[in-house]
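Reading through the structure tokens given below for one structure.
The values are calculated or read from the model by the stated rules, or taken from the named source; none is laboratory data. Note that the structure is predicted; figures quoted are calculated from it, not measured. Cβ placement follows ideal geometry from the backbone for every residue including glycine, while neighbour counts extend to all protein chains displayed.
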Amino acid sequence: MRRAIATVSMGGTLRDRLEAIAAARFDAIELFEPDFIGFRGTGRDVERLASDLGIAIDLYQPFQDFEGMPDAVFRRALDFAERKFDLVARLGAPMVSVTSNTSPESLGDPGRASEQLFALAERAARRNIRIAFEAVPSGRWVQRYRQAWSLVQRVAHPHLGLLLDSFQLLSNGDDLDGIREIPGNRIFFVRVGDAKRVSTGSPLGSWYRTFPTQGDLDVIGFLEQVLFTGYSGTISLIGINDVFRATANRRTGINGMRAVLFLESQVRARLERATSDDANAARLRILDTVPLFDPPKASRLSGFGFLECCVGDRAAVRLGAFFEQLGFARYGRHRTKAVTLYRQGNIRLVVNAEPGADDRDRLSSRPARVCCLGLVAEHPGPAANRGSALLSARRDSPRGAQELELPTIVAPGGTLVQFVPPDQFVEADFVEDPDAEDVSACGLVAIDHMAMGLLLEQLETWLLFGHAVLGLTIGDSVDIAEPFGLTRSRGLANAERSLRLLLNGSAAAARDIGAASPPTGDVEYIAFACDDIFSALERLRENGVAFVPISDNYYDDLEARGLLDEATIQRMRPLAVMFDRSAAGTYFHACTEVFEGCFHVQIVQRNGYDGYGVVNAPVRVAATEQLRQTQDWLQAHV
């Protein structure tokens, strides 16, 4: 089985796309005609370029509105086909696609349609080219794959077969059961794409198209049924949306390959679990003959073992002081490096000021950033191996004597992920400082979640990484209209909810850091959980922690809507506490000021609530920006 990707899935010039596709190690491409038309060169030039890069052109997509046309129109279409067959020969492509007719000129006569498709297949056969016929929901007479298959059977020409597209099929409400009835050798080409429904109704415009496993369609069931037919040809990936085409091609290529590998692994897992006697022989045949990707199983992740911040030399002291204000006690220094560990409850924060740290080159514009997530994994080694298999780079650092082995992979954007054994603690790498000052804890007990500030083009990359590599479940998408643009928030979490990541994607090219968002691709904030937020905030304020003040209008609105009793709201006002609730529970949270333009901290208390309080994001962003403007004015005038 060959892995291909449609050129329409990527942006840039055709040469740029082919180079990115080759770098991602696809076997072939599906060349869409507009991508060739914009290329300054001949078909031979494209064929040589693809060949030099080690990729094939498995299909060319030039034909639509072909079958069932009036005779005069059909004769012109045949002349057009002959010219395109000349081009396909120069491209070295063995196949072209034809979509079902959408033209109002087409005639609803199956006999005429089959005769014209037969004539086209005959012309193609003279050039040893095959025709892959595809039903599309917008087709006038043929909208479903069963109708397309019936027409292909009626034509009965060896150079005419089916093209099955998961998006066209599943978004049209087609069932999957009939696919298995089609002989595999009559399926000429398979295209796999996913989609998320972004509005109600049936028009295709209500779908946002993505790579497989990133949407809501049953692409796993689709590919499983295709394989049951005996099909072993090309699986072509397709994802069509504005974000993909605006994303760097190398990233899109890697995302695409990661998506198709993950899809194969999910199909393999489903086949391995199948126990039905009637399907057993077919299932074993697929597993024995089709090389479906088989990565190490996703290791169970149970929470944050630590978070590590890379800092400039001078910022290490200031960040350490900020953590101590938050009630963290300095535990000690690393055995061999300029790294300090702070602790409170089950929270471990590492401040890395080592001159050779991986992220030193990213600190030129900011004094600090969260550079590493330490995740507690049941099997750290296999967890990192799964990441490598799914195209995440390894970054295992040299270890000194008696230091922990923490397998490490690189997450999108360069953030490191280290896998920590559940029975070992990071303290093993540190020498306890007996002279460390005793800092009074402030009731923070665990890392509730961590939020990333991303561009929209990075959001899909992180979602795929979290789901495919880390094995986390993707939550619902929530769009929030913030003062500086629309933000799309999606959560990733394990089943126990002991590990949560919130991904905030913004369409803005750059957002002011004072407006509560760091440079894109980095941690936006860390949320610490507590059992009693009012008690914790009182102690934190006594320690000098500065919180973003929230407008009285916010609390007046809470009171007017009757969401809380008056006494609770009066406790919230001076402490700048915000609130959200769901059918399952309640959520209180408060936000510190941004630490030196890098990230901020949230103190949260959840009671059965499973969200992230994103409904309050516009209030938080506006409050942070107003505070920044006030501070700037004071600095300029005092």
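Across the range 268-281, the qualifying residues are those that are touching a residue at least 12 places away in the same chain (Cβ under 8 Å) and within 19 Å of VAL219 (Cα to Cα), and the one among them that is surrounded by the fewest Cβ atoms within 10 Å (Cβ to Cβ) is GLU272. Annotation note: Cβ proximity below 8 Å between a residue of the range 249-267 that is within 13 Å of ALA468 (Cα to Cα) and touching a residue at least 60 places away in the same chain (Cβ under 8 Å) and a residue that is among the charged types (D, E, K, R) and in a helix (DSSP H, G or I) (sequence gap 6+ or interchain) occurs for ASN255/GLU460.
Could you tell me whether VAL478 is in contact with a helix residue (DSSP H, G or I) (Cβ under 8 Å, 6 or more places away or on another chain), touching a residue at least 60 places away in the same chain (Cβ under 8 Å) and farther than 24 Å from PHE293 by Cβ? In short, yes. In the set VAL226, VAL136, only one residue is part of a loop (DSSP other than H, G, I, E, B) and either at pLDDT 95 or above or not assigned by TED's automatic domain parsing to the domain that holds ASP476 (or both); that residue is VAL136. Scanning the range 465-482 for residues being at pLDDT below 95, crowded, with 18+ Cβ neighbours inside 10 Å and either more than 20 Å from GLN602 (Cβ to Cβ) or not charged (D, E, K, R) (or both) gives a total of 1.
Which residue pairs have Cβ atoms closer than 6 Å, lie 6 or more positions apart in sequence or on different chains, and pair a first residue in the range 364-385 that is free of Cβ contacts under 8 Å to residues at least 40 places away in the same chain with a second residue that is crowded, with 21+ Cβ neighbours inside 10 Å? So the pair list comes out as GLY381/PRO407; ALA384/PRO407; ALA384/ILE409; ALA384/PHE419. Picking from residues in the range 524-553 that are surrounded by 21 or more Cβ atoms within 10 Å (Cβ to Cβ) and among the β-branched types (Val, Ile, Thr), the one that is nearest to SER506 (Cα to Cα) is ILE526. Return the residue satisfying two criteria in turn: it lies in the range 279-299 and is of a type in the set (D, E, K, R) and assigned to a helix (DSSP H, G or I), and of such residues it is nearest to GLN225 (Cα to Cα). Checked the range 279-299; the qualifying residue nearest to GLN225 (Cα to Cα) is ARG283. Among the conditions (1) surrounded by fewer than 22 Cβ atoms within 10 Å (Cβ to Cβ); (2) within 30 Å of VAL267 (Cβ to Cβ); (3) among the β-branched types (Val, Ile, Thr), ILE57 misses just one, which is (1). When GLN147, GLN168 are screened for being in a helix (DSSP H, G or I), outside the structural domain of LEU456 (by TED's automatic domain parsing) and surrounded by fewer than 19 Cβ atoms within 10 Å (Cβ to Cβ), only GLN147 passes. Residue-level check: of (1) among the small types (Gly, Ala, Ser); (2) under 21 Å from ALA246 (Cα atoms); (3) not assigned by TED's automatic domain parsing to the domain that holds LEU349, GLY413 misses just (3). Between a first residue in the range 409-427 that is polar (S, T, N, Q) and a second residue that is assigned to a helix (DSSP H, G or I), which pairs have beta carbons less than 9 Å apart while being 6 or more apart in sequence or on different chains? Hits for this filter: GLN418/PRO380; GLN418/ALA384.
Provide a single number: the residues in the range 12-31 that are under 21 Å from PRO94 (Cβ atoms) and among the β-branched types (Val, Ile, Thr). Here the count works out to 2. Taking the criterion of being of a type outside the set (Lys, Arg) and closer than 16 Å to ALA72 by Cβ, the residues of the range 92-112 that qualify are ASN101, SER103, PRO104, GLU105, SER106, LEU107, ASP109. The residues listed here are SER232, SER236; of these, the one that is surrounded by fewer than 23 Cβ atoms within 10 Å (Cβ to Cβ), among the hydroxyl-bearing types (Ser, Thr, Tyr) and touching a residue at least 60 places away in the same chain (Cβ under 8 Å) is SER232. For the range 1-30, give me each residue that is out of contact with any Leu (no Cβ under 7 Å at 6 or more places or on another chain), outside any loop (DSSP other than H, G, I, E, B) and over 27 Å from SER265 (Cβ atoms). Listed by number, the residues that qualify are LEU14, ASP16.
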